[in-house]
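Engineer: Here you go, one structure.
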Amino acid sequence: MSDLDQLVSLCPPPAVVDRAGTGRGVGSAIPAGHLDLLNAYGTGCFDEFLWIYGVGVENKYLDIHSCTHEMRKILRQKTADEIREVLRSYGVDSSELIQWGGTDNADSLMWIPVGDPAGWPTLIIESGQLDFTVSPRSSTGVLLDLLTGALRTKVFPFDFPSENPSFSTDFIP
């Protein structure tokens, strides 16, 4: 069973998915697995806390390209030494990160674009760069691991996830 199948089983997607922002036809800049995730769920929020971003979304706060651009500006001004060191170990710098998700606490989930996009690891940075975690998993794998508790990080609050994770697009204007 794939990560996406397990995620859908754990947290059913909405009955009707808005296909706007699923990014089909955008090329290799977005891993195919993330596009499959967007195709299943659309752009929205897991457990009223963790947002997944789409491509070409009207709301710039949920668009991968807009969020990536803004996050790169922030990281260009100052990247914590520990984060810079981890990125160097992958042969990249903060200007190459691609933000695919975020939280209500302004934490960021970003791909470290090295090698095959299907295997891009995810860097999870706490707001203010106070702490971070690297997961070798795809965006779908990271979501599954966070929602099942297989991935625990100090970046996320102790009460995330809930016992019955949900997904919603109701918050999107």
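Engineer: Residues being modelled with pLDDT of 90 or more, not in a loop (DSSP other than H, G, I, E, B) and not acidic (Asp, Glu): count how many of those fall in region 22-54.
Structural biologist: Final tally of qualifying residues: 16.
Engineer: A further question follows. Return the pair list, or none, for Cβ contacts closer than 6 Å from residues in region 126-146 that are within 24 Å of ALA80 (Cα to Cα) to residues that are among the basic types (Lys, Arg), at least 6 apart or on different chains.
Structural biologist: ASP131/LYS154
Engineer: A further question on this structure: Which is at pLDDT below 95 and out of contact with any Phe, Trp or Tyr (no Cβ under 7 Å at 6 or more places or on another chain), of SER108, SER127, SER89, SER135?
Structural biologist: SER127
Engineer: Another question about this same structure. May I ask you to list the residues in region 144-173 that are touching a Gly at 6+ places or on another chain (Cβ under 8 Å), of a type in the set (A, V, I, L, M, F, W, C) and surrounded by 13 or more Cβ atoms within 10 Å (Cβ to Cβ)?
Structural biologist: PHE167, ILE172, listed by residue number.
Engineer: Answer yes if at least one residue in region 56-74 is at pLDDT 95 or above, crowded, with 17+ Cβ neighbours inside 10 Å, hydrophobic (A, V, I, L, M, F, W, C) and not in a helix (DSSP H, G or I), and no otherwise.
Structural biologist: Looking for residues that are at pLDDT 95 or above, crowded, with 17+ Cβ neighbours inside 10 Å, hydrophobic (A, V, I, L, M, F, W, C) and not in a helix (DSSP H, G or I), one finds none in region 56-74, hence no.
Engineer: Can you tell me which of ALA118, ALA106 is assigned to a helix (DSSP H, G or I), of a type in the set (A, V, I, L, M), out of contact with any Asp or Glu (no Cβ under 8 Å at 6 or more places or on another chain) and surrounded by fewer than 12 Cβ atoms within 10 Å (Cβ to Cβ)? Spell out the reasoning first.
Structural biologist: On the way: ALA106 fails: assigned to a helix (DSSP H, G or I).
Sole residue among the options that is assigned to a helix (DSSP H, G or I), of a type in the set (A, V, I, L, M), out of contact with any Asp or Glu (no Cβ under 8 Å at 6 or more places or on another chain) and surrounded by fewer than 12 Cβ atoms within 10 Å (Cβ to Cβ): ALA118.
Engineer: Is one or more of the residues making up region 125-140 assigned to a strand (DSSP E or B) and buried (at least 23 other Cβ atoms within 10 Å of the Cβ)?
Structural biologist: The answer is yes, given that some residue of region 125-140 is assigned to a strand (DSSP E or B) and buried (at least 23 other Cβ atoms within 10 Å of the Cβ).
The values are calculated or read from the model by the stated rules, or taken from the named source; none is laboratory data. Quick caveat: nothing in here was measured; it's all calculated off a predicted structure. Methodologically, a virtual Cβ is constructed for each residue, glycine included, from the backbone with ideal geometry; neighbour enumeration extends over all protein chains shown.
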